[in-house]
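Just so it is clear, none of the values below were taken in a lab; they were calculated from the coordinates. These numbers were taken from a predicted model, which means no experiment stands behind them. Cβ coordinates were reconstructed from backbone atoms using ideal geometry, including for glycine residues, and neighbour counts include every protein chain displayed.
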Amino acid sequence: MTDTAVPTSSPSAPTVVAGRAPAQGSDVADVVDGLRRTFRAGRTRPLSWRRAQLEALLRLTIDHETDLVDAIRADLGRPVAEAFGADIGHTRLHVRHLLKHFESWSRPRKVRPGMLSQPARAELVPEPLGVALVVAPWNYPVQLLLEPLAAALAAGNCVVAKPSELAPASAGVLARLLPRYLDPDAVAVVEGGVEETTALLEVPFDHIFFTGSTNVGKVMMAAAARHLTPVTLELGGKSPTLVAADADLEVAARRVAWGKFLNAGQTCIAPDYVLVERAARDRFVDLVAAAVDDFYGRDPRSSGDLGRIVNERHHDRLRGLLEGSGGTVVLGGDHDREARWFAPTVVLDPDPGSDLMAEEIFGPILPVVTVDSIDQGIEYVVDRPKPLALYVFSTNPATVDRVVSSTSSGGVCVNHTIVHVLPEDLPFGGVGASGMGSYHGQVGFDTFSHLKAVVRKPTRPDPRLLYPPYTSLKERVIRRAFR
């Protein structure tokens, strides 16, 4: 995932906290201290408080749906249906699922104590971590702030929420609304860029949840290490798509085109590139072009259903990737810097050493790489950093199983793209360079919880076997017990 807020130095500029007037950077520490006092007072632990916060968060997305959609459209030019479905609708489903289940997830979980511990009862007791920092990206500015925020609240934490400065309209709406709906003594919104994020990273937290690029993820992890703060890193990378010759090519092309050009390609799990068997390549490319025509018309620039690039800097980056690709542009290639518009573009067989094939694209450029077999495609994937998502299209279950078992990725979706994030209880997260840790459903609740191990023993019986002096008989009994 691409972003720019790379903390590198100590803060010196003002910070905007919870939508108030600017204050000095030291206010960040004061805000976190206030949240910690709230947490230590036990305010966030009752299930009734957690339920009230989740219900308020859900109500915010309903009462201010129009404000949120308008902000997303201002930042990213996305169509209403896409802005609602991907950001607001998805968030509502997530919060409703938490409301339905968080109380049962909060209960102690029985564990078998084992023969050596008898008589005893063993359990895992979920307890909130304390004060969490949630740093969100710009590409899905509502969903990727509110969903981890909701999981943290369900687990009973206080939270600092940091929206992305690269989606200023969305950040402004969230900073204005969250303090009105949520407990202001337990949730704070910090707006700003690199300096504000740097100030936050100087403060100890009990957990940091970051969504963004791998490069910035490294900075986050290094900063967290100074305080031994655990991190969840939802990153990105180059998510590959393998298309076998036996695939339903019409469906594959349509679903790849949809997943790639959704939000103008600015999706961390978008198909980054396609590895297609030679026998199917030409038809697949033709069908992708047909799908683009069906989705956006002969003149995609005039379509109201294609989003815009977030800013001119990212537009320039995409243009540079395209110009240095070394491949053949078989679809699109047009762009307009001032309008932040980039046409859906397909590049056939780019140079494997080009930046287009080395960097996460995060835009509407789809490289299509010819392979002689799916096994060659698998080899291509495993030779590179582990991706956040992997897609495979084939009607042969054996082919699908071979791809799934031979590769490593955060998640896999078979014969579709993107939709593997929809099941509420299916964990979402990366592996290796694409991230660490997961969330969604109970996994998200557990991410913001400490599962405390508790063993309860009666005072009787109290055998003296474990106590000194250790006689030869005791030693023989102990050795036998641990066989």
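Taking Cα atoms, how many degrees apart are the long axis of helix 27-40 and the longest axis of the chain, rounded to 10 and kept between 0 and 90?
Result, in degrees: 50.
For region 284-352, what is one quarter of the convex hull surface built on the Cα atoms, given in nm²?
Projected over every direction and averaged, the Cα hull of region 284-352 covers 4.8 nm².
Over 10 Å intervals from 0, what percent of Cα-Cα pairs in region 192-301 sits in each interval?
Binned Cα distances yield the sequence 13, 31, 20, 17, 15, 3.
Roughly how tilted is helix 214-226, in degrees to the nearest 10 and between 0 and 90, from the longest Cα axis of the chain?
20 degrees
Over the Cα atoms, compute the radius of gyration (one decimal) and Dmax (the largest Cα-Cα distance, rounded to a whole number) for region 363-439, in Å.
Radius of gyration, then largest Cα-Cα span, for region 363-439: 13.0, 37 Å.
On a 26 Å Cα-Cα criterion, which of the cross-link pairs LYS218/LYS452; LYS218/LYS386; LYS386/LYS452; LYS100/LYS457; LYS100/LYS452; LYS452/LYS474 come out too long?
Cα-Cα > 26 Å for LYS218/LYS452; LYS386/LYS452; LYS100/LYS457; LYS452/LYS474; rest within.
Roughly how tilted is helix 168-181, in degrees to the nearest 10 and between 0 and 90, from the longest Cα axis of the chain?
The two axes meet at around 30 degrees.
Where nothing but the Cβ of Lys and Arg (+1) and of Asp and Glu (-1) is charged, how large is the charge dipole of the chain around its Cα centre, in debye to the nearest 20? Before the final figure, lay out each step's value.
Working: 52 positive and 57 negative charges, 698 e Å.
That gives a dipole near 3360 debye.
Give the peptides 421-434, 395-408 in descending order of average Cβ contacts within 10 Å, highest first. Write down the numbers at each step before the final one.
Working: 421-434: 17.8, 395-408: 14.6.
Order by mean packing, descending: 421-434, 395-408.
What's the whole-number percent of alpha carbon pairs in region 294-398 lying beyond 23 angstrom? Please report the intermediate quantities before stating the final value.
Details: 1973 of 5460 pairs.
When all Cα pairs of region 294-398 are counted, 36 percent exceed 23 Å.
Identify, among SER405, TYR467, LEU322, the residue whose Cα sits farthest towards the positive end of the charge dipole of the chain, taking +1 on the Cβ of Lys and Arg and -1 on the Cβ of Asp and Glu, with the dipole about the Cα centre.
So the residue furthest toward the plus end is TYR467.
Convert each backbone phi in region 60-77 into a coupling constant with the Karplus relation 6.51 cos²θ - 1.76 cosθ + 1.60 (shift: θ = phi - 60°), then list the ³J(HN,Hα) values in order as whole Hz, x for Gly and Pro.
After applying 6.51 cos²θ - 1.76 cosθ + 1.60, I find 4, 5, 8, 5, 10, 4, 5, 4, 5, 4, 4, 5, 4, 5, 5, 6, 10, x Hz.
On average, how much area does the Cα convex hull of region 186-246 cover when viewed from any direction, in nm²? Let's see the in-between values first.
Numbers: hull surface 25.6 nm².
Over every viewing direction, the Cα hull of region 186-246 projects on average to 6.4 nm².
With equal scatterers on the alpha carbons only and no solvent term, can you work out the Debye log10 of I(q)/I(0) for region 70-167 at 0.11, 0.23 1/Å?
-0.47, -1.13
Can you find, among GLN118, ALA171, VAL371, the residue farthest towards the positive end of the dipole of the chain? Put +1 on the C-beta of Lys and Arg, -1 on that of Asp and Glu.
Working it through, the farthest residue towards the positive pole turns out to be GLN118.
Sticking with the crude label model, points 7 Å out along Cα→Cβ, report the distance from LEU451 to LEU228 in nm, one decimal please.
About 2.2 nm, to one decimal.
Convert 4 °C to kelvin, take the viscosity as 1.567 mPa s, use the Kirkwood radius over C-alpha pairs of region 240-425 as Rh, and evaluate the Stokes-Einstein diffusion coefficient in µm²/s, rounded to a whole number. Display every interim value, and only then the final one.
Details: Rh = 16.4 Å.
The diffusion coefficient I find is 79 µm²/s.
Can you give me the long-range amide H partners of VAL187? Hydrogens built in the peptide plane at 1.01 Å from N, cutoff under 5 Å, separation of 5 or more residues or another chain.
Here VAL159 satisfy the definition.
By a straight-distance test (C-alpha under 16 Å), which lysines pair with LYS260 as possible cross-link partners, with residues fewer than eight away in the same chain excluded?
LYS238
Report the percentage of all Cα-Cα pairs in the chain whose separation exceeds 37 Å, rounded to a whole percent.
Cα-Cα pairs of the chain separated by over 37 Å account for 34 percent.
Work out the charge dipole of region 217-260 with +1 on the Cβ of Lys and Arg and -1 on the Cβ of Asp and Glu about the Cα centre, then indicate which of ALA224, LEU242, ALA257 is farthest towards its positive end.
Farthest towards the positive end: ALA224.
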